[in-house]
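One structure below.
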Amino acid sequence: MQRTAASPGKSRGLADLLARLGITRDADLVLHLPLRYEDHTRLTPLTSLAPGLGVQTEGVVVNTEIQYRPRRQLTCLLADPNDRSAQLVLRFFTFYPNQQKALTPGARVRVFGDVRPGYHGAEMVHPQWKVLAADLALPTSLTPVYPTTAGLTQEALRKLVARALAGDASRTADTLPASVVARRKLWPFGDAVRFLHAPPPHLGAAALRALDERTHPAWTRLKFDELLAQQLSLKAHRQARAARAAPALAGTGELTAALVARAGFALTAAQRRVWREIAHDLRQPIPMQRLLQGDVGSGKTVVAALAALQAIESGMQVAFMAPTEILAEQHYRKLSLWLDGLGVRMAWLTGSVPAKARRQAREELASGTVQFAVGTHALFQEGVEIPRLALAIVDEQHRFGVAQRLALRGKGDTEAHQLMMSATPIPRTLAMTFYADLDVSVIDEMPPGRTPVVTRLVNEKRRDEIVRWIGKQGAQGRQAYWVCPLIEESEKLELQTAVALHAELTAALPELRIGLIHGRQKPDEKAATMDAFARAEIDVLVATTVIEVGVDVPNASSMVIEHAERFGLAQLHQLRGRVGRGATESTCVLLFEEPVGAIAKQRLKVIFETTDGFEIARQDLMIRGPGEFLGARQSGVPLLRFADPERDASLIGPVQETAAQLLAREPEAAQAHLVRWLGGRAEFIKA
Ligand code: ADP
Ligand code: MG
């Protein structure tokens with residue numbers, strides 16, 4: 001096969017390696033910034049070598065040999081040419097055959113590494129080394145260490161970056177108008193990247209620390225630019241949306257009023273407020289994109305149902321999508337109950353619906369006989385047509401990827417409004433950055449009459465006590481969940497554990513009815529179990545995390561989570577949210593087994609101390625960082641590489657102003673900036 005060279009000197013193999021780092025253009029090389037630096041500008045003579053980190057020295061090889069004890073290694077003894085008693089031992093535990101040849105006695109070698117005292121005097125393990133044929137000048141700037149990938153050496157990457165920086169001047173030209181650079185007191189872009197790739201030597205301690213901590217003005221410029229690219233793309237997305245058409249859903253108020261009357265409770269003030277916001281959006285002829293946030297149990301479903309009815313009143317169709325079969329089923333039942341007798345035709349569509357029923361549901365959706373479809377992602381598979389789709393509701397949106405949401409949006413003849421719901425609150429700084437293209441409504445109030453859940457941290461050693469306690473609860477007619485340990489590595493093992501736990505509790509609590517639900521059961525089996533639990537025909541439900549989202553059985557007031565130290569914070573919060581839904585006081589027991597790692601300990605402390613979902617999310621963000629928190633890789637939200645929404649919060653305001661200003665007055669600059677930062681990905685984030 002012929003090799004195609006992406007650019008002079010870049011082989012296909014190299015291009016692949018670079019692509020792995022997200023580098024496809026020379027402009028990407030310019031933005032591929034160092035993780036840290038090494039100081040190769042100074043040389044410490046062997047005669048004054050002392051233990052320390054990042055030391056560079058030179059010597060002449062006295063002897064190189066392969067040793068076999070205590071393990072196979074190549075050792076090389078260097079000495080100062082003028083003072084043979086000043087020596088340094090180099091040790092390599094992995095090495096190439098020709099390495100021994102290169103380090104031949106008499107060769108002059110320059111090495112860089114950490115010096116430590118060894119048995120035979122000073123030594124370096126796996127230093128960087130270079131045989132010097134002639135005098136080689138020392139570099140005049142700090143040496144960058146880049147994020148790289150197997151097969152691509154630092155040396156090679158440095159050369160590529162240096163070439164990209166030295167080439168076409170447009171790559172380092174400023175995308176921002178001079179007035180913005182001056183007003184925001186920013187470093188010019190070219191100066192900033194040249195500085196970061198090759199910082200001058202002899203920087204003072206303060207500048208070195210700023211470089212290290214990424215608070216240096218050169219870093220600030222890059223973070224500003226990165227955040228700006230994000231804001232620009234989100235704002236551009238929002239503008240594009242405002243230019244698209246969606247059905248204006250005026251509604252008649254008939255069905256929504258009927259639902260409010262028969263729900264069996266009065267809406268909280270917060271529910272009424274968010275409902276007004278959503279109803280207003282739906283009446284507009286442009287597509288709504290609203291995120292409805294509310295803590296676990298705050299009552300988002302009824303608000304979603306009201307939105308659905310407004311669309312149906314307007315003669316349109318609605319799709320309501322949930323991330324799991326159990327949850328979809330539960331929504332379907334609740335909605336059927338609420339809408340019973342109102343003349344709304346519903347369909348139920350998940351992967352497990354038999355082919356015949358599925359075909360019927362599809363036909364009825366396509367012909368418009370069915371107005372309201374509830375289901376899982378099966379709703380947006382090939383072949384499902386919802387021609388009058390006006391509103392797509394996505395429950396627990398963080399469980400879905402952007403691609404899935406988009407697929408749903410493309411179902412109708414015109415664009416549908418989107419309502420996304422999430423119980424994983426997004427902290428303000430993240431909302432301002434990653435979610436700037438969405439409108440957000442927040443239910444910040446719980447329905448009345450809830451008693452807060454009491455959380456207990458209990459050592460696994462006291463498991464017997466907990467089993468007895470569950471027995472007592474059961475005797476009083478109180479139902480309980482017992483959540484199996486999470487075993488992410490092996491679904492099979494998780495299943496075995498669930499079955500064993502079920503057997504254990506059945507033996508220990510013969511007077512109680514113990515049920516079992518896990519992800520490997522057939523959907524109707526799961527549904528039957530959930531039903532029995534909801535009808536209080538099961539006292540204790542042994543469950544894997546399939547019950548994590550949305551499940552709503554108000555009479556269940558106790559929960560035991562085994563190996564709670566293995567769960568993430570959001571997961572623990574969601575699980576715990578399954579209890580505390582009725583009037584009786586609920587208890588959640590977190591069983592943990594020692595030893596508990598530092599981060600796990602932190603998580604348990606947070607979940608023990610607070611029940612406020614927003615606070616938990618904030619803590620979670622601090623523990624995990626935004627990438628992990630958002631699951632951004634799968635959601636398609638561009639990750640920030642350099643800026644950190646929390647730490648760099650002070651930049652967000654100025655960045656937002658700048659983004660607005662550029663879009664309004666300097667669209668070319670905005671475009672150039674987006675191309676530099678997002679290149680080929682600019683399309684993707686239009687999601
Ligand atoms: P989530 O926001 O977690 O999805 P749900 O919509 O499942 O919460 O609501 C939790 C429970 O609270 C349900 O049983 C629901 O019927 C009930 N509920 C919702 N709103 C109210 C309210 N205003 N007053 C009393 N109960 C309510
Ligand atoms: Mg819910």
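The values are calculated or read from the model by the stated rules, or taken from the named source; none is laboratory data. Small disclaimer: the values here were computed from a predicted structure and weren't measured. Cβ placement follows ideal geometry from the backbone for every residue including glycine, while neighbour counts extend to all protein chains displayed. These area figures cover heavy atoms from the full protein model, side chains too; ligands, DNA and RNA do not enter into them. Shrake-Rupley method; radii C 1.70, N 1.55, O 1.52, S 1.80 Å.
Here are some notes:
- Residue within the range 488-510 that is open to solvent by 50 Å² or more (accessible area, probe 1.4 Å), away from ligand 2 (no atom under 16 Å from the Cβ), in contact with a helix residue (DSSP H, G or I) (Cβ under 9 Å, 6 or more places away or on another chain) and within 22 Å of residue 581 (Cα to Cα) present: no
- Residue-level check: of (1) closer than 30 Å to residue 673 by Cβ; (2) of a type in the set (A, V, I, L, M); (3) open to solvent by less than 60 Å² (accessible area, probe 1.4 Å), residue 286 misses just (3).
- Residues satisfying the stated conditions in the range 447-472, i.e. assigned to a helix (DSSP H, G or I) and surrounded by 15 or more Cβ atoms within 10 Å (Cβ to Cβ): 463, 466, 467, 469, 470, 471
- Residues of the range 294-319 satisfying the condition of being within 16 Å of ligand 2 (Cβ to nearest atom) and either assigned to a helix (DSSP H, G or I) or modelled with pLDDT of 95 or more (or both): 300, 301, 302, 303, 304, 305, 306, 307, 308
- When residue 85 is tested against (1) over 29 Å from residue 672 (Cα atoms); (2) part of a loop (DSSP other than H, G, I, E, B); (3) modelled with pLDDT under 90; (4) out of contact with any Lys or Arg (no Cβ under 7 Å at 6 or more places or on another chain), just one condition goes unmet, and that condition is (3).
- Members of the range 88-116 that are within 20 Å of residue 67 (Cα to Cα), within 43 Å of the chain's Cα centre (by Cα) and in a strand (DSSP E or B): 90, 91, 92, 116
- Looking only at the range 199-215, and only at residues there that are assigned to a loop (DSSP other than H, G, I, E, B) and touching a Leu at 6+ places or on another chain (Cβ under 8 Å), the one that is modelled with the lowest pLDDT: 201
Per-residue answers, yes or no, for (1) closer than 13 Å to residue 124 by Cα; (2) acidic (Asp, Glu); (3) exposed (fewer than 12 other Cβ atoms within 10 Å of the Cβ):
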{"position": "63", "(1), (2), (3)": "no, no, no"}
{"position": "75", "(1), (2), (3)": "yes, no, no"}
{"position": "85", "(1), (2), (3)": "no, no, yes"}
{"position": "92", "(1), (2), (3)": "yes, no, no"}
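- In the range 259-289, the residues that are within 16 Å of ligand 2 (Cβ to nearest atom) and modelled with pLDDT under 95: 263, 265
- Residue check for residue 129: touching a strand residue (DSSP E or B) at 6+ places or on another chain (Cβ under 7 Å), open to solvent by 60 Å² or more (accessible area, probe 1.4 Å), of a type in the set (A, V, I, L, M, F, W, C) and not in a helix (DSSP H, G or I): yes
- The set of residues in the range 504-520 that are outside any loop (DSSP other than H, G, I, E, B) and either more than 20 Å from residue 593 (Cβ to Cβ) or charged (D, E, K, R) (or both) comprises 504, 506, 507, 514, 515, 516, 517.
- Residue 541 surrounded by 20 or more Cβ atoms within 10 Å (Cβ to Cβ), touching a residue at least 60 places away in the same chain (Cβ under 8 Å) and not aromatic (Phe, Trp, Tyr): yes
- In the range 547-568, the residue that is nearest to ligand 2 (Cβ to nearest atom) out of those that are touching a strand residue (DSSP E or B) at 6+ places or on another chain (Cβ under 6 Å) and closer than 25 Å to residue 600 by Cβ is 559.
- Matching option when the condition is surrounded by 17 or more Cβ atoms within 10 Å (Cβ to Cβ) and part of a loop (DSSP other than H, G, I, E, B), among 232, 249, 196, 255: 249
- Test: residue in the range 267-289 that is closer than 23 Å to residue 373 by Cβ, touching a residue at least 60 places away in the same chain (Cβ under 8 Å), aliphatic (A, V, I, L, M) and within 9 Å of ligand 1 (Cβ to nearest atom): no
- When residues of the range 592-623 are limited to those that are of a type in the set (Phe, Trp, Tyr) and open to solvent by 50 Å² or more (accessible area, probe 1.4 Å), the one modelled with the lowest pLDDT: 614
- The residue of the range 321-335 that is surrounded by the fewest Cβ atoms within 10 Å (Cβ to Cβ), among those that are touching a strand residue (DSSP E or B) at 6+ places or on another chain (Cβ under 6 Å) and free of Cβ contacts under 8 Å to residues at least 60 places away in the same chain, is 332.
- Restricting attention to the range 167-193 and to residues that are under 14 Å from residue 225 (Cα atoms) and hydroxyl-bearing (Ser, Thr, Tyr), the residue that is surrounded by the fewest Cβ atoms within 10 Å (Cβ to Cβ) turns out to be 172.
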